[in-house]
1. List pairs: first in region 119-138 and within 10 Å of Q63 (Cα to Cα) and in contact (Cβ under 8 Å) with a residue 12 or more places away in the chain, second open to solvent by less than 20 Å² (accessible area, probe 1.4 Å) and assigned to a helix (DSSP H, G or I), Cβ under 8 Å, 6+ apart or cross-chain?
2. Check I54 against each of (1) more than 17 Å from the chain's Cα centre (by Cα); (2) free of Cβ contacts under 8 Å to residues at least 24 places away in the same chain; (3) not in a helix (DSSP H, G or I) and name the one condition it does not meet.
3. Answer yes or no: is there a residue in region 53-67 that is farther than 23 Å from K128 by Cα and at pLDDT below 95.
4. From the list A104, A92, A8, pick out the single residue that is open to solvent by less than 80 Å² (accessible area, probe 1.4 Å), small (G, A, S), at pLDDT 95 or above and under 21 Å from N133 (Cα atoms).
5. Of all residues being within 14 Å of V121 (Cβ to Cβ) and touching a strand residue (DSSP E or B) at 6+ places or on another chain (Cβ under 7 Å) in region 42-60, which is most open to solvent (accessible area, probe 1.4 Å)? Just the residue, please.
6. So which residues in region 125-138 are at pLDDT 95 or above, open to solvent by less than 70 Å² (accessible area, probe 1.4 Å) and of a type outside the set (A, V, I, L, M, F, W, C), if there are any at all?
7. Quick check: anything in region 17-24 open to solvent by 90 Å² or more (accessible area, probe 1.4 Å), free of Cβ contacts under 8 Å to residues at least 60 places away in the same chain, outside any loop (DSSP other than H, G, I, E, B) and under 22 Å from V121 (Cβ atoms)?
8. Go through (1) modelled with pLDDT under 95; (2) open to solvent by less than 50 Å² (accessible area, probe 1.4 Å); (3) of a type in the set (A, V, I, L, M, F, W, C); (4) farther than 19 Å from L15 by Cα for F74 and report which single condition fails.
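The values are calculated or read from the model by the stated rules, or taken from the named source; none is laboratory data. Because the structure is predicted, anything quoted here is derived from the model rather than measured. Positions of Cβ are backbone-derived with ideal geometry, glycine not excepted, and every protein chain shown enters the neighbour counts. Accessible surface is based on the protein model in full, side chains and every heavy atom, while ligands, DNA and RNA are left aside. Shrake-Rupley method; radii C 1.70, N 1.55, O 1.52, S 1.80 Å.
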Amino acid sequence: MANNLRVAIILNPELPPGLLANTAGVIGIGLAAKFPMLAGTSLSDVKGVTTDTISKTPLPILQATPDHIKALMFKALDAGGEHGVVPFPAFARTMHQFEQYETAFPLRDLYDEVIDGVGLVGPEKWIKSLTGNLKLLR
């Protein structure tokens, strides 16, 4: 499936730039945790400086309203097959330790939450069917 993987992150464009960057970053980490083959490898430059590399897969950052993001998230969660769905509910922004989020999440109903962003990974055709009508975030 690695050759056929597609990735997309969809964000609420009304968020300020710092929150957009943070939301995209944590969603990206969540997607790579589920599908480690998305991550790059180590490379060395001509002088032998070795670094970790960027994603092996293009990562479009798209935009949608919170309601559209939520509908897209639930549609994606209902899909069968191998895929990943990483939401960023707005309440997560008030927590600064993962353990707080881990404790609060099971007490929440995502249908009632504002979803600031969602990351998707899965087969190319599936991702395109979900995101093909969304605009790039600019």
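1. So the pair list comes out as T131/L72.
2. Against the list (1) more than 17 Å from the chain's Cα centre (by Cα); (2) free of Cβ contacts under 8 Å to residues at least 24 places away in the same chain; (3) not in a helix (DSSP H, G or I), I54 comes up short only on (1).
3. Checked region 53-67: at least one residue is farther than 23 Å from K128 by Cα and at pLDDT below 95.
4. Going through A104, A92, A8 in turn, the sole match is A8.
5. Out of the qualifying residues, it is L59.
6. Across region 125-138, the qualifying residue is only T131.
7. Checked against the condition, which is being open to solvent by 90 Å² or more (accessible area, probe 1.4 Å), free of Cβ contacts under 8 Å to residues at least 60 places away in the same chain, outside any loop (DSSP other than H, G, I, E, B) and under 22 Å from V121 (Cβ atoms), region 17-24 yields no hits at all.
8. Checking F74 against (1) modelled with pLDDT under 95; (2) open to solvent by less than 50 Å² (accessible area, probe 1.4 Å); (3) of a type in the set (A, V, I, L, M, F, W, C); (4) farther than 19 Å from L15 by Cα, the one that fails is (1).
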